[in-house]
Amino acid sequence: MTSIHNGMPAANLGADGWQKPWSGPNGGSCLEAKKLPDGRVALRQSTDPTSPALILETHEIRAFINGAKTGLVDNLLS
């Protein structure tokens with residue numbers, strides 16, 4: 001496998017292991033996540049699995065999830 005980095009084609013990370021923890025009400029546009037062997041997390045748009053992947057460090061995904069749980073990003077929905 002090539003070096004894993006932000007912006008690489010998500011398809012290069014393989015087809016296995018992607019999860020859809022964030023899904024639209026009709027199963028439409030979904031954000032998929034994949035935990036990488038080194039603990040980082042890759043995100044991709046499910047409707048375009050070959051699109052660029054966003055690679056987050058463990059502390060970055062933890063901060064985002066914890067912030068979302070406490071409402072820190074609710075303003076993004078309004």
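In whole Å, what are the extents of segment 10-77 along the principal axes defined by its C-alpha atoms, from largest to smallest?
33, 32, 17
Hey, what number do you get for the chain at 222 nm if only DSSP H runs of n ≥ 4 count, each worth -39500 (n - 2.57), divided across all residues, to the nearest 500?
Calculated from helices alone, the mean residue ellipticity at 222 nm is -5000 deg cm²/dmol.
Could you calculate the FRET efficiency of I4 with T50 from 1/(1 + (r/R0)^6), where r is the beta carbon distance between them and R0 is 25 Å, rounded to 0.05?
Given R0 = 25 Å and the Cβ-Cβ separation, E is 0.95.
Since every read-out is calculated from the coordinates, none of them should be taken as a lab result. Being a predicted model, the structure only gives us computed values, none of them experimental. Virtual Cβ from ideal backbone geometry, glycine too; neighbours counted across all protein chains shown.
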